[in-house]
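Okay, so here's the structure we're looking at.
The values are calculated or read from the model by the stated rules, or taken from the named source; none is laboratory data. What you see is a predicted model; the values in this text were computed from it and never measured. Don't worry about glycine lacking a Cβ; one is built from the backbone with ideal geometry, like all the others, and counts go over all protein chains shown.
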Number of protein chains: 4
Amino acid sequence: MSLAELAPQIADLARQCYARGWMLGTSGNISAVVERDPLRLAITTSGVDKGALTAGEIVEIDQRGYVVGGSGLPSAEGSLHLAIVRARGAGAVLHTHSIWSTILSDATVGDGLGIEGYEMLKGLGGVATHDHREWLPILENTQDWAAAAPQVERILAQHPKAHGFLIRRHGLYTWGRDLAGARRQMEVLEFLFEVMGRKRGITWQP
Amino acid sequence: MSLAELAPQIADLARQCYARGWMLGTSGNISAVVERDPLRLAITTSGVDKGALTAGEIVEIDQRGYVVGGSGLPSAEGSLHLAIVRARGAGAVLHTHSIWSTILSDATVGDGLGIEGYEMLKGLGGVATHDHREWLPILENTQDWAAAAPQVERILAQHPKAHGFLIRRHGLYTWGRDLAGARRQMEVLEFLFEVMGRKRGITWQP
Amino acid sequence: MSLAELAPQIADLARQCYARGWMLGTSGNISAVVERDPLRLAITTSGVDKGALTAGEIVEIDQRGYVVGGSGLPSAEGSLHLAIVRARGAGAVLHTHSIWSTILSDATVGDGLGIEGYEMLKGLGGVATHDHREWLPILENTQDWAAAAPQVERILAQHPKAHGFLIRRHGLYTWGRDLAGARRQMEVLEFLFEVMGRKRGITWQP
Amino acid sequence: MSLAELAPQIADLARQCYARGWMLGTSGNISAVVERDPLRLAITTSGVDKGALTAGEIVEIDQRGYVVGGSGLPSAEGSLHLAIVRARGAGAVLHTHSIWSTILSDATVGDGLGIEGYEMLKGLGGVATHDHREWLPILENTQDWAAAAPQVERILAQHPKAHGFLIRRHGLYTWGRDLAGARRQMEVLEFLFEVMGRKRGITWQP
C-alpha cells in the first residue's frame with residue numbers, strides 16, 4: 001500500500017491508542033510497510049499529538065531512515081521499527097507508552113517478563129492454546145536507538161518466538177502482518193499487563 | 001427473530017463490550033436464539049475484531065454447531081453456547097474476557113466464587129433482595145470445548161441457580177432471556193467482579 | 001418545570017451516569033421536582049436500562065408515591081426521593097451504584113464515612129473551604145424503603161449538614177437545587193470516594 | 001490571540017479534561033495569554049461545569065485580575081495563573097483536580113515530589129532524556145491565593161526548572177508556550193502520577 005493509503009489508517013489507529021491512554025503527550029509511534037524491497041516504511045513524525053494526528057503527519061522513510069515521502073521529522077525510534085520489520089517480516093509496528101507496561105517493566109527485576117496460562121495469549125499470532133509461556137525481553141532504555149539497533153537485532157534473534165519486547169520504564173513494542181494484526185497483538189499484551197499489574201496489588205507476590 | 005434481525009443487534013452489543021475493555025483483541029463471543037425447535041443460533045464468527053464487528057461477521061448454526069446461514073467460521077466455543085441455551089432456556093449468551101474476571105478466577109482457590117450481600121445482585125434474573133448468595137462455578141480452561149461440553153452441562157445441572165460461570169484465567173459466561181437481558185446480567189456480574197477485586201486490594205483478605 | 005421538560009434532561013443525565021459506570025445493569029435512579037405544593041416528582045421507572053433511557057421511561061408521582069403522569073412502575077426507592085426532597089428542600093435527587101461507594105460503604109466499620117481536608121469538598125453546596133469535615137451517614141441496606149422512610153428522615157434530621165448518605169454495599173444518595181446541582185455534588189462525592197478507596201490501597205490504613 | 005479566538009479552544013480543552021475525570025464537579029481552570037504587555041489573560045469563570053463549558057464562560061482579565069472582557073466572575077485562582085505567566089513566560093496555564101495528583105500530594109510527606117527515570121519525562125519542555133529528575137514542589141492548600149501569590153512566586157523562583165507544582169490534596173498546576181503545550185505537559189505529568197500511584201499499590205514502598 002502507498003503512503004497515501006496507509007497514512008489515514010495510521011492516524012486513525014493513533015487516535016484510538018490515545019483515547020485508551022496508551023499514547024498520551026506526544027508519546028508512542030506507529031509504522032507500516034509501504035514496500036518490502038527496497039524497504040520503505042510509513043511512520044509517524046516526531047513530537048506530534050497522537051490524539052489529533054492527521055495523515056499529513058506521517059512520512060515515508062527508506063531502509064536507512066531517510067525521509068523519501070511526505071514532510072516532517074520521522075520518529076527518533078525509526079531504527080527500531082526498521083530492525084523489527086527486517087527481523088520479523090512484520091507489516092506494521094506499534095509502540096505504546098502505557099501505565100501498566102511502564103510499571104511492570106519498572107517493577108520486574110531481570111531481563112524479561114514471563115506471562116503464562118491466560119486464555120488471552122491465544123490472541124498472539126500462532127499461539128493456539130492458553131498453555132503457552134510468552135517471554136517478553138526487557139531492554140534497558142537509551143536515547144541513542146541508532147547505536148542500540150544491533151543490540152535490538154540480537155535480542156530479536158535470541159528470542160525468535162517473542163511477540164513483543166518492553167523497554168524499561170518506557171513501553172511496549174509489538175508488531176503484526178498489517179496494522180490490524182499489530183493492533184490486535186497490542187490489545188492482547190496491554191490486557192495481560194493490566195491483569196498482571198492489578199493481580200500483584202491483590203496477591204502481593206512481587 | 002431471524003439472523004438478519006439479530007446480527008446488527010449482536011454487532012452493536014459487541015462494539016459496546018469492546019469499548020468497555022471486555023472483548024479486546026479478538027476475544028469474547030455472543031449468540032442469540034433464532035429458532036428453538038429445531039435449535040438454531042446466531043453467533044459471532046471466530047477471530048474477528050469486536051470493536052469493528054459488522055453484521056456480516058455473524059453466522060447461523062444448528063444444534064450440532066454446523067453453519068446453516070451466513071458465511072464464516074463460528075466461534076470455537078459454539079458448543080458452550082448451545083449447552084447453555086439447552087440447559088437454561090436462555091435466549092442469548094454472552095462471553096467476556098475482562099480484566100477482573102480473569103484476575104478473580106485466577107486468584108480464587110477452589111471451584112467457585114461466592115458473591116454475597118450486594119444490592120447489585122438484584123440485577124440478576126429472579127433475585128429480589130441483596131440478601132442473596134450467588135455461587136459462580138469456576139471451570140478449568142481447555143482448548144477442546146466440544147469434548148468438555150458434557151462437563152459444562154453437568155455443572156449447569158449441579159448449580160441450577162447460577163447466573164453464570166467463570167473459566168479460569170479466561171472469562172465469564174452469562175445469559176438472559178434476550179440480548180438485553182444477557183447484557184444486563186453481564187454488567188451486574190462484571191461490576192461485582194470489579195468490586196471484589198478492588199476491595200481485596202484494600203482489605204487484604206485473599 | 002413539567003414532566004415533559006424534565007424527562008429528557010433526566011434521561012440525558014442517566015446516560016452520562018451509565019457511561020461513567022455509576023448506573024450499570026438497571027441500577028440507579030434520578031428524580032426532579034415538578035411541583036412543590038402539592039409535591040410531585042418526575043422519577044425514573046423501575047428496572048430500565050440507564051444507558052438507553054428514553055424520556056418515556058420517566059413518570060410523575062405524587063407525595064404518596066402514586067403515578068399521576070406518564071406510565072410505568074416508579075422506582076421502588078421513590079419513598080427515599082420524597083423523604084429527601086421534603087427534608088432538604090432539594091429540587092433533584094440522584095442515586096448511584098458506583099464501584100467505590102459500594103466498596104467504601106462495605107469496608108467502613110461504623111455508621112458513617114468522614115471525608116476531610118480535600119479541595120474538592122468545595123464543590124459541595126455551601127462549603128467554602130477545604131478545611132471542612134463531611135460526614136456521610138451509612139444506612140444498613142433493606143428491601144422495604146417504604147417502611148424505612150422514617151429512619152431515613154430521622155438520619156437526615158440528625159445530620160442536617162450532610163450532603164448525601166450511603167447505603168451499605170449499595171450506593172450513594174445525593175441531591176441539589178436542580179439536576180445540574182445534584183450532578184455536581186454526585187461528581188464531587190464520587191471523586192472523593194475514589195480518592196479515599198485508592199489511597200487505602202497505597203497507604204494501608206484501613 | 002484575542003479572547004474570541006482563545007475562548008472556544010479553552011472550552012474544548014476543558015471538555016477533554018472533564019472527560020478524563022480531571023475537572024469533575026466545577027473543579028479545574030484554564031487560562032491563555034491574550035496580550036503580554038500589558039498582560040491580559042483569557043480565563044475560565046468560577047463555578048462552571050467544565051464538561052459543558054461554552055466560550056461565553058471565559059473572561060478576559062488584566063494583570064491585577066480585573067475583568068476587562070466578557071462577563072462573569074474569573075476563577076478565584078486567577079492570581080496563581082498571573083504569577084505563573086509572569087515567572088515562566090508561559091502562554092497558557094492548566095490546573096487539574098485529578099485522583100492521582102490528589103492522592104500523591106496527600107500521601108507524600110515533605111514539600112515536593114520527585115519523579116525520575118521514566119521515558120515519559122521527555123514530554124516535558126526542554127527535557128531530552130529519561131535520565132532526568134523532575135522535582136515538583138508541593139504547596140500547602142489555602143483559600144486566599146491573592147495573599148499566597150508571593151509565596152508561589154518565591155517557590156517558582158527557587159525551582160526554576162520545575163514544569164509544574166502540586167497543591168496538597170488539591171491538584172496540579174502546569175503550563176506551556178500555548179494551550180497545546182500546556183495540555184501536553186498536563187498529560188505527561190498526570191500519566192506519571194498514575195504510574196507512581198499504582199506502582200506504590202504493587203511494591204508497597206510508601
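So here's what we get for this one:
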| read-out | value |
| --- | --- |
| Tally, over segment A:46-64, of residues that are touching a residue at least 40 places away in the same chain (Cβ under 8 Å) and outside any strand (DSSP E or B) | 5 |
| Residue in segment C:122-130 that is assigned to a loop (DSSP other than H, G, I, E, B), within 29 Å of B:Glu116 (Cα to Cα) and among the polar types (S, T, N, Q) present | no |
| Which numbered condition C:Leu124 fails, given (1) touching a Phe, Trp or Tyr at 6+ places or on another chain (Cβ under 9 Å); (2) within 14 Å of chain D (Cβ to nearest Cβ); (3) under 22 Å from C:Gly28 (Cα atoms) | (1) |
| Some residue of segment A:189-199 being within 12 Å of the chain's Cα centre (by Cα), surrounded by 20 or more Cβ atoms within 10 Å (Cβ to Cβ) and not hydrophobic (A, V, I, L, M, F, W, C) | yes |
| Qualifying residue in segment C:91-108 (condition: modelled with pLDDT of 95 or more and on the phi > 0 side of the Ramachandran plot) | no |
| One residue from C:Ala4, C:Ala32 being away from every other protein chain (no Cβ under 14 Å) and crowded, with 23+ Cβ neighbours inside 10 Å | C:Ala32 |
| Residue match in segment B:149-162 (condition: under 20 Å from A:Met120 (Cβ atoms) and charged (D, E, K, R)) | no |
| Residue among D:Val152, D:Val195 that alone is part of a helix (DSSP H, G or I), among the aliphatic types (A, V, I, L, M) and within 14 Å of chain C (Cβ to nearest Cβ) | D:Val195 |
| Unique residue being touching a Phe, Trp or Tyr at 6+ places or on another chain (Cβ under 7 Å) and more than 28 Å from D:Glu5 (Cα to Cα) when the list is D:Arg198, D:Arg169 | D:Arg169 |
| Among (1) within 30 Å of A:Asn141 (Cα to Cα); (2) more than 15 Å from the chain's Cα centre (by Cα); (3) in a loop (DSSP other than H, G, I, E, B) - the single one D:Thr142 does not satisfy | (1) |
| Meets criteria (assigned to a loop (DSSP other than H, G, I, E, B) and over 24 Å from B:Ser105 (Cα atoms)) for A:Pro137 | no |
| Hits in segment C:105-120 - residues which are in contact with a helix residue (DSSP H, G or I) (Cβ under 7 Å, 6 or more places away or on another chain) and facing chain D (nearest Cβ under 10 Å) | C:Tyr118, C:Met120 |
| Scope segment A:105-120; condition in contact with a strand residue (DSSP E or B) (Cβ under 6 Å, 6 or more places away or on another chain) and part of a helix (DSSP H, G or I); matching residues | A:Ser105 |
| Test: B:Thr102 is in contact with a strand residue (DSSP E or B) (Cβ under 7 Å, 6 or more places away or on another chain), crowded, with 18+ Cβ neighbours inside 10 Å and within 14 Å of chain C (Cβ to nearest Cβ) | no |
| Checklist (1) of a type in the set (S, T, N, Q); (2) in a strand (DSSP E or B); (3) free of Cβ contacts under 8 Å to residues at least 40 places away in the same chain applied to B:Ser31, failing item | (3) |
| One residue from B:Leu73, B:Leu94, B:Leu53 being surrounded by fewer than 16 Cβ atoms within 10 Å (Cβ to Cβ) and hydrophobic (A, V, I, L, M, F, W, C) | B:Leu73 |
| Selected residue (criterion: nearest to the other protein chains (Cβ to nearest Cβ)) from residues of segment A:155-172 that are out of contact with any helix residue (DSSP H, G or I) (no Cβ under 9 Å at 6 or more places or on another chain) and not in a loop (DSSP other than H, G, I, E, B) | A:Ile155 |
| Qualifying residue in segment D:175-182 (condition: more than 14 Å from every other protein chain (Cβ to nearest Cβ), at pLDDT 95 or above, more than 15 Å from D:Val127 (Cβ to Cβ) and in a helix (DSSP H, G or I)) | no |
| Some residue of segment A:154-165 being closer than 21 Å to A:Arg183 by Cα, surrounded by 18 or more Cβ atoms within 10 Å (Cβ to Cβ) and not hydrophobic (A, V, I, L, M, F, W, C) | yes |
| Only listed residue being in contact with a Phe, Trp or Tyr (Cβ under 8 Å, 6 or more places away or on another chain) and of a type in the set (S, T, N, Q), chosen from A:Gln185, A:Gln151, A:Gln143, A:Gln158 | A:Gln185 |
| Residue satisfying all of: in segment D:1-28; touching a strand residue (DSSP E or B) at 6+ places or on another chain (Cβ under 7 Å) and in a helix (DSSP H, G or I); farthest from A:Gly21 (Cα to Cα) among these | D:Leu3 |
| Residue list for segment B:44-72, filter: under 19 Å from the mean Cα position of the chain (by Cα) and under 22 Å from A:Thr129 (Cα atoms) | B:Thr44, B:Thr45, B:Ser46, B:Gly47, B:Val48, B:Asp49, B:Lys50, B:Gly65 |
| Matching residues in segment D:107-126 - criterion: being free of Cβ contacts under 8 Å to residues at least 12 places away in the same chain and crowded, with 16+ Cβ neighbours inside 10 Å | D:Glu119, D:Lys122 |
| Residue under evaluation A:His81, criteria (1) buried (at least 16 other Cβ atoms within 10 Å of the Cβ); (2) in a strand (DSSP E or B); (3) out of contact with any helix residue (DSSP H, G or I) (no Cβ under 8 Å at 6 or more places or on another chain), criterion not met | (2) |
